[in-house]
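The values are calculated or read from the model by the stated rules, or taken from the named source; none is laboratory data. Computed from a predicted structure; not experimentally measured. Virtual Cβ from ideal backbone geometry, glycine too; neighbours counted across all protein chains shown.
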């Protein structure tokens, strides 16, 4: 069944949630997270290849990835077996919506993450170029009053936008991106960027659902530390490749700051279970229910 933001609003109001990610710090609390989830003391939101880290399924599966193994057309049999509600970005997943509607029995939602104010990517990039040509700087605030997402080196990869227009065709009819929806819901001054990690969208969904507190486990944001599952080896390539965290650290921290501001506006606490993060956006905490 296809759902919308309105279906998720306050769905789990005041219910504790744990967002499980892949950094090694996940292992500090993994056993207790599993026990708490089994006892239904928490809900669990997991992302991408969560099945490499947990034997039990989460309550929600958030996807933002164009790799073949994460495309909805390839996940349909698994989703129907597990009946996990799936929240996926269709900016890079072009699976036919008719196929999904006719094939999936559980809840699903396709969300937009880059078409600010309903504009096509090329028009957003033209607006940025016009600003830069006129002002000779990168302090572009037209969209979400967030100039950080346009700073080098991020702007040199189009700040999360695309020139091929394929993702823009997904946004017909025009939808409100998750970032603008959250900004409106929380009445914040800024919205977060297109996102350099699916974690930001998972946090946004938890805020929309009214979960409180929001525990975040495994948000290390440093590929050089490897993963919580030592069998996963692709971190070594990612640590030196274009998806490395270091070049976009300023944008990452800014996004996390904005998400924390958004949560506070709704009276929600975000608690970081990573004891030694390089970012300072969230209050550090043990996993205490």
*Please indicate, with yes or no, whether at least one residue in region 198-219 is touching a helix residue (DSSP H, G or I) at 6+ places or on another chain (Cβ under 7 Å) and either surrounded by fewer than 19 Cβ atoms within 10 Å (Cβ to Cβ) or closer than 16 Å to residue 116 by Cα (or both).*
yes
*For residues that are touching a residue at least 12 places away in the same chain (Cβ under 8 Å) and under 30 Å from residue 97 (Cα atoms), scanning just region 150-164, find the one that is surrounded by the fewest Cβ atoms within 10 Å (Cβ to Cβ).*
163
*Output the residues belonging to region 113-124 that are closer than 20 Å to residue 64 by Cβ, assigned to a helix (DSSP H, G or I) and touching a helix residue (DSSP H, G or I) at 6+ places or on another chain (Cβ under 8 Å).*
116, 121, 124
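Test of understanding: among 183, 170, which residue is modelled with pLDDT of 95 or more and within 20 Å of residue 200 (Cα to Cα)?
When all the criteria are applied, what remains is 183.
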_I'm checking my understanding of the structure. Among residues of region 244-259 that are under 25 Å from residue 15 (Cα atoms) and surrounded by 20 or more Cβ atoms within 10 Å (Cβ to Cβ), which one is farthest from the chain's Cα centre (by Cα)?_
258
*Quick one: what pairs do we get from region 1-27, first residue farther than 17 Å from residue 62 by Cβ, second modelled with pLDDT under 95 and surrounded by 21 or more Cβ atoms within 10 Å (Cβ to Cβ), C-beta under 6 Å, 6+ apart or different chains?*
24/228; 27/228
*What are the residues in region 62-79 that are within 17 Å of residue 99 (Cα to Cα) and modelled with pLDDT of 95 or more, if any?*
71, 72, 73, 74, 75, 76, 77, 78, 79
*Taking the residues in region 38-56 that are assigned to a helix (DSSP H, G or I) and under 21 Å from the mean Cα position of the chain (by Cα) as candidates, determine which candidate is surrounded by the most Cβ atoms within 10 Å (Cβ to Cβ).*
50
*Name every residue in region 260-276 that is surrounded by 12 or more Cβ atoms within 10 Å (Cβ to Cβ), in contact (Cβ under 8 Å) with a residue 60 or more places away in the chain and assigned to a loop (DSSP other than H, G, I, E, B), in order of residue number.*
266, 268, 273, 274
*Flag for residue 66 being surrounded by fewer than 20 Cβ atoms within 10 Å (Cβ to Cβ) and touching a residue at least 60 places away in the same chain (Cβ under 8 Å)*: no
*Matching residues in region 165-220 - criterion: being in contact (Cβ under 8 Å) with a residue 60 or more places away in the chain, under 19 Å from residue 19 (Cα atoms) and in a helix (DSSP H, G or I)*: 178, 179, 182, 199, 201, 202, 203, 205, 206, 207, 208
*Could you give me the residue pairs with C-beta distances under 9 Å whose first residue belongs to region 37-49 and is closer than 20 Å to residue 13 by Cβ, whose second residue is assigned to a loop (DSSP other than H, G, I, E, B) and at pLDDT below 95 wherever it lies, and which are 6+ apart or on separate chains?*
41/289; 42/289
